[in-house]
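The structure appears below as structure tokens.
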Amino acid sequence: MSFLEVLTQADPRALRARVEAATAADVERALSSAELTYSDFLALISPAASSYLEAMAQRARSLTLQRFGRVIQLYAPIYVSNECTNRCVYCSFAATNDVPRSTLGVEQAATEAEVLRRMGFQHLLVVSGEAPRAVPVEYFEQVLRRIRTRAAYLALEIYPLETAEYARLVDAGADGVTLYQETYDPEIYRAVHPAGRKADYSWRLSGLERAGEAGMTRLNVGALLGLNEWRSEAAIVGLHASWLTKRYWRAQISVSFPRLRRGPKGYGPSHPVSDAALVQMMTAARLFLPDAGIVLSTREPSQLRDALIPLGVTQMSAGSRTEPGGYSVPCEEGAQFDVQDRRSPEQVAEVIRKAGYEPVWKDWDRVMARPVAAA
Ligand code: SF4
């Protein structure tokens with residue numbers, strides 16, 4: 001059964017009703033359970049749980065220490081292209097926006113990877129828009145083969161591919177895929193993705209399944225928070241991550257909670273997400289998915305990132321540039337979004353150390369096994 005079928009059977013409206021109906025007793029029962037069910041997770045993201053944030057934070061902290069120890073793994077994105085045929089209304093790279101476009105040559109991408117390697121990064125996330133003519137699968141193969149000796153771990157945040165195409169990128173050195181559904185609500189999805197390949201909701205939704213089938217060993221799921229009411233999105237992010245964990249049991253599943261920033265033409269979140277809501281989602285995810293990675297990017301401001309370190313986060317980006325070639329030649333005009341935490345990687349590492357954690361630049365080696373789907 002695909003995740004689309006799972007989601008249809010679960011019925012997002014029914015899930016939302018269960019979140020709203022959760023009581024303080026449901027929250028307390030979830031907080032005292034050794035192993036949480038999906039119903040417990042729904043209780044923890046409910047309005048009733050918003051007055052239990054301190055207890056949730058304490059449990060999330062101790063569970064993360066048990067499962068991951070005092071470490072935060074650091075990574076950096078490499079934007080290789082900002083060309084895009086899609087028209088996502090919230091994104092400055094949308095085809096309708098007038099921004100300087102560029103695609104890095106393979107050697108330019110290698111230069112970016114080398115700059116990051118000198119900063120200490122061993123985990124790199126290759127990012128691009130969806131422009132198969134400018135950045136076909138062959139392009140990613142070449143980039144990955146060229147830079148894989150400069151990094152211990154390579155992930156992709158690119159457009160969804162066929163299983164065979166993902167398999168080619170596994171062969172070329174890719175270890176993981178980040179693919180956010182943006183919003184799990186089909187109507188909102190249609191409204192914010194009016195044209196281009198990305199308008200196909202189910203093609204995108206099934207992308208991580210194809211990546212898992214192809215042998216990617218880390219799968220990162222999430223929604224772009226602010227497009228829809230956050231509890232509806234969080235309920236399905238939790239369901240999706242849990243389903244992927246069971247199906248691709250050898251892969252590490254991670255969750256992200258990126259919040260939409262004000263973008264092109266003043267487009268901003270129609271459903272703003274507060275810091276407290278972010279903490280509630282993140283800590284609920286930790287309690288429900290104790291072995292999942294939780295990723296925190298430089299979209300969030302430094303003060304909040306520092307406060308979130310002990311609450312379940314396992315991976316953080318640092319020193320990020322969101323324009324192609326930005327580590328070698330910074331150019332704000334071609335950037336995807338404003339980075340909020342502008343500190344250098346070493347400054348972020350120092351904050352992590354001061355919080356009592358160890359910043360880890362490498363926690364992965366490709367000799368580890370590839371995932372196999374459950375029957
Ligand atoms: S969000 Fe991605 S697919 Fe959409 S316009 Fe931006 S770069 Fe293109």
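Please determine, by comparing only the residues of the range 82-106 that are of a type outside the set (Val, Ile, Thr) and more than 9 Å from the ligand (Cβ to nearest atom), which one is surrounded by the most Cβ atoms within 10 Å (Cβ to Cβ).
Just the residues of the range 82-106 that are of a type outside the set (Val, Ile, Thr), to begin with: 82-84, 86-88, 90-95, 97-98, 100-102, 104-105.
Pick out the ones that are also more than 9 Å from the ligand (Cβ to nearest atom) and you get 98, 100-102, 104-105.
Values: ASP98: 7, PRO100: 10, ARG101: 17, SER102: 18, LEU104: 22, GLY105: 15.
Checking each candidate, the answer is LEU104.
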Consider TYR79 carefully, then state whether it is within 13 Å of the ligand (Cβ to nearest atom), aromatic (Phe, Trp, Tyr) and surrounded by fewer than 24 Cβ atoms within 10 Å (Cβ to Cβ). no
Please state which one of PRO324, PRO310 is farther than 14 Å from TYR75 by Cβ and buried (at least 21 other Cβ atoms within 10 Å of the Cβ). PRO324
Is there a residue in the range 140-161 that is modelled with pLDDT of 95 or more, within 16 Å of the ligand (Cβ to nearest atom) and assigned to a helix (DSSP H, G or I)? yes
Of all residues in the range 127-139, which are farther than 17 Å from ALA199 by Cα and in a loop (DSSP other than H, G, I, E, B)? ARG133, ALA134, VAL135, PRO136
Within the range 174-182, can one find any residue that is farther than 13 Å from LEU208 by Cα and without any contact (Cβ under 8 Å) to a residue 24 or more places away in the chain? no
Unmet criterion (only one of (1) surrounded by fewer than 22 Cβ atoms within 10 Å (Cβ to Cβ); (2) touching a helix residue (DSSP H, G or I) at 6+ places or on another chain (Cβ under 7 Å)) for LEU169: (1)
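So that you can scan it fast, the table gives a plain yes or no per residue for (1) under 14 Å from LEU63 (Cα atoms); (2) among the hydrophobic types (A, V, I, L, M, F, W, C):
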site	(1), (2)
ALA276	no, yes
PHE288	yes, yes
PRO301	no, no
ALA307	no, yes
SER320	no, no
GLU332	no, no
Could you go through the range 110-122 and let me know if any residue there is in contact (Cβ under 8 Å) with a residue 40 or more places away in the chain, within 16 Å of the ligand (Cβ to nearest atom) and out of contact with any strand residue (DSSP E or B) (no Cβ under 7 Å at 6 or more places or on another chain). no
Might you let me know whether the range 353-362 holds any residue that is farther than 20 Å from ALA151 by Cα, at pLDDT 95 or above and not in a loop (DSSP other than H, G, I, E, B)? yes
Before we move on, is GLU323 part of a loop (DSSP other than H, G, I, E, B), in contact with a Gly (Cβ under 8 Å, 6 or more places away or on another chain) and charged (D, E, K, R)? yes
Can you tell me how many residues in the range 176-200 are more than 10 Å from the ligand (Cβ to nearest atom), more than 18 Å from the chain's Cα centre (by Cα), crowded, with 16+ Cβ neighbours inside 10 Å and closer than 13 Å to PRO160 by Cβ? 1
Taking first residues from the range 25-50 that are over 17 Å from SER232 (Cα atoms) and β-branched (Val, Ile, Thr) and second residues anywhere that are in a helix (DSSP H, G or I) and at pLDDT 95 or above, the pairs with Cβ under 8 Å that are 6 or more apart or on different chains are VAL27/ALA43; VAL27/LEU44; VAL27/ALA48; VAL27/ALA49; VAL27/TYR52
Which numbered condition PHE41 fails, given (1) within 30 Å of LYS362 (Cβ to Cβ); (2) touching a Phe, Trp or Tyr at 6+ places or on another chain (Cβ under 7 Å): (1)
Selected residue (criterion: nearest to the ligand (Cβ to nearest atom)) from residues of the range 54-76 that are buried (at least 17 other Cβ atoms within 10 Å of the Cβ) and not aliphatic (A, V, I, L, M): TYR75
So, first residue farther than 11 Å from GLY196 by Cβ and hydroxyl-bearing (Ser, Thr, Tyr) in the range 81-93, second residue within 7 Å of the ligand (Cβ to nearest atom) and at pLDDT 95 or above, Cβ within less than 7 Å, six or more apart or across chains; the pairs are SER81/GLY129
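The values are calculated or read from the model by the stated rules, or taken from the named source; none is laboratory data. Small disclaimer: the values here were computed from a predicted structure and weren't measured. All Cβ positions, even for glycine, are placed from backbone atoms using ideal geometry, and neighbour counts span all protein chains on display.
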